[in-house]
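Each remark here refers to the structure printed beneath this line.
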Amino acid sequence: MPRILGVDLPNDKVTHISLRYIYGIGPTLALRLCEQAHIDPFRRAKELSDEEIARLATILDREYTVEGPLRRQNQQNIQRLRDIGCYRGMRHRRGLPVRGQRTRTNARTRKGPRKTVAGKKGVKEMRG
C-alpha cells in the first residue's frame, strides 16, 4: 500500500483515483500530478515503484498545499472571519448556512436535529 504525505493509497484502484484519497486532490489535480511525474494514470497504485512514489511526494510537497497545511489554512480562514465579526463569520459561529441558503426549511445539515419547542401551536390548533 503506497503511502504519500501520511496517507495510505488503496492498492487495487488506478493511480489517478487513489491519489484523490489525499485531502486537497481532486480529479483534475490527480491527472495533472500523474502527467508531471510521468506516471501512467491508469496503472494500479500497487504497481508504482518507490521512485515514482517519491517523485509524486516531492511534486506535492514543493508545488501544492495539501493534507495538514490545507486543513490548517481553511480553519485559519474561518477563524479570521469569526474574529473580524463579518456576516459570514457570524453564520459560522452560530452554525447556520454561510452561503445564502434559506433556513426556514432545509438547513438541517448545518442546524442539526430538530429541537422541539414546548407549547408551540401548529397551524391546525390555531384555527380552531
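Go through (1) of a type in the set (Gly, Ala, Ser); (2) surrounded by fewer than 10 Cβ atoms within 10 Å (Cβ to Cβ); (3) at pLDDT 95 or above for Gly122 and report which single condition fails.
(3)
Quick one: how many residues across the range 56-110 are modelled with pLDDT under 95, assigned to a helix (DSSP H, G or I), open to solvent by 50 Å² or more (accessible area, probe 1.4 Å) and among the β-branched types (Val, Ile, Thr)?
Looking only at that region, the number is 2.
What is the residue count in the range 27-40 for residues that are outside any helix (DSSP H, G or I) and open to solvent by 30 Å² or more (accessible area, probe 1.4 Å)?
Within the range 27-40, the subset outside any helix (DSSP H, G or I) is 37-40.
Still in the running and open to solvent by 30 Å² or more (accessible area, probe 1.4 Å): 38, 40.
Selection size over the range 27-40: 2.
Pick from the range 41-55 the residues that are open to solvent by 70 Å² or more (accessible area, probe 1.4 Å) and outside any loop (DSSP other than H, G, I, E, B): which of them is nearest to Met1 (Cα to Cα)? Break it down stepwise before answering.
Taking the range 41-55 as the starting set, the residues that turn out to be open to solvent by 70 Å² or more (accessible area, probe 1.4 Å) are 42, 44, 46-47, 50-51, 55.
From the residues that got through so far, the ones that are outside any loop (DSSP other than H, G, I, E, B) too are 44, 46-47, 50-51, 55.
Values: Arg44: 11, Lys46: 6, Glu47: 10, Asp50: 11, Glu51: 14, Arg55: 16 Å.
Checked the range 41-55; the qualifying residue nearest to Met1 (Cα to Cα) is Lys46.
The values are calculated or read from the model by the stated rules, or taken from the named source; none is laboratory data. Because the structure is predicted, anything quoted here is derived from the model rather than measured. Glycine also receives a Cβ, built like all others from the backbone with ideal geometry; neighbour counts cover every protein chain displayed. Surface accessibility is based on the protein's heavy atoms, side chains included, excluding ligands, DNA and RNA. Shrake-Rupley method; radii C 1.70, N 1.55, O 1.52, S 1.80 Å.
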